[in-house]
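Novice: Next up is a structure, given as structure tokens.
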Amino acid sequence: MYICQSCGRAIDSPDLFGTHGDGHRNEDYCINCFKNGVFSCSPEVVRPIGLKRWMKDEDKASWILDRCGYVTLSTINEEGFPRPVAIDVIAHDGIREIWMTTYRNSAKARHLRRNQKAGIAFVREADSVSLIGKAEVVTDKDTLRRYWKDFFFHYYPGGPYDEKYCLIRFSTQEVMLWIDGKPSTISF
């Protein structure tokens, strides 16, 4: 069951979903709050705590990240061009710090050892979040063990100390948001 992220109403029928400007379904809001890409309920009426519409921008971005799973990580390749790849987020502290895993000899890891500048982008519904910052390859044993997940055995059969296993720690410096039809920027 879905919950309207504006009024808190249960959305238990396809007819109750809000709609984007082009008419397709929006799973974040009910039809009473969001129709044709515009909020139709007044923000002064009620502000249920913990719902996306009423969160601070940074918390909205984290809410979106929790629901998208994969992100696009862009590193800088040998020719100086961005190299975007889809990658799974294994842990995060809001949008300020994001953890991923890759092989130690992957192109991503090679790029980051040479140039830590990186970007992450993710989308959900019509909302998009773009992060720029620095990313580092992490190989210390305590951190590798701390972030280890059992499903990693598929990729790293040697466990948390497999020679191929490493982590990427992305630290956000600036955020560009387009959420609920409004742009904003956050710097850390």
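The values are calculated or read from the model by the stated rules, or taken from the named source; none is laboratory data. Everything quoted here is computed from the prediction, not taken from an experiment. Because the Cβ atoms are built from the backbone with ideal geometry, glycine has one as well, and the counts that use them run over all protein chains shown. All accessible areas refer to the heavy atoms of the entire protein, side chains included, with ligands and DNA or RNA removed. Shrake-Rupley method; radii C 1.70, N 1.55, O 1.52, S 1.80 Å.
Novice: Can you pull out the residues in the range 151-185 that are open to solvent by 50 Å² or more (accessible area, probe 1.4 Å) and part of a loop (DSSP other than H, G, I, E, B)?
Specialist: Hits for the range 151-185 are Y155, P157, G158, E163, K164.
Novice: Does the range 57-73 hold any residues that are modelled with pLDDT under 95 and outside any helix (DSSP H, G or I), and which are they?
Specialist: Of everything in the range 57-73, those that are modelled with pLDDT under 95 and outside any helix (DSSP H, G or I) turn out to be G69, Y70.
Novice: Limited to the range 93-128, what total is found for residues that are assigned to a loop (DSSP other than H, G, I, E, B), farther than 19 Å from E163 by Cα, modelled with pLDDT of 95 or more and not small (G, A, S)?
Specialist: Selection size over the range 93-128: 4.
Novice: Taking the stated definitions as given, is V137 within 30 Å of D22 (Cα to Cα) and either assigned to a strand (DSSP E or B) or open to solvent by less than 10 Å² (accessible area, probe 1.4 Å) (or both)?
Specialist: It is false that V137 is within 30 Å of D22 (Cα to Cα) and either assigned to a strand (DSSP E or B) or open to solvent by less than 10 Å² (accessible area, probe 1.4 Å) (or both).
Novice: R53: on the phi < 0 side of the Ramachandran plot and modelled with pLDDT of 95 or more, yes or no?
Specialist: No; evaluated as a whole, the condition is false for this residue.
Novice: Being open to solvent by less than 30 Å² (accessible area, probe 1.4 Å) and in contact (Cβ under 8 Å) with a residue 12 or more places away in the chain narrows it down to one of W99, W148, so name that one.
Specialist: Unique residue meeting the criteria: W99.
Novice: Hey, another quick one. List every residue pair whose Cβ atoms lie under 9 Å apart, where the two residues are 6 or more positions apart in sequence or sit on different chains, the first residue falls within the range 166-184 and is under 18 Å from N26 (Cβ atoms), and the second residue, located anywhere, is among the small types (G, A, S) and buried (at least 20 other Cβ atoms within 10 Å of the Cβ).
Specialist: From residues that are under 18 Å from N26 (Cβ atoms), the pairs are L177/A61; I179/A61.
Novice: Would you point out the residue of the range 58-108, among those that are over 30 Å from D28 (Cα atoms) and of a type in the set (V, I, T), that is farthest from the chain's Cα centre (by Cα)?
Specialist: I76
Novice: Return the residues of the range 67-99 that are closer than 13 Å to V123 by Cα and of a type in the set (F, W, Y); say none if nothing qualifies.
Specialist: Once the filter is applied, which keeps residues that are closer than 13 Å to V123 by Cα and of a type in the set (F, W, Y), the range 67-99 yields only Y70.
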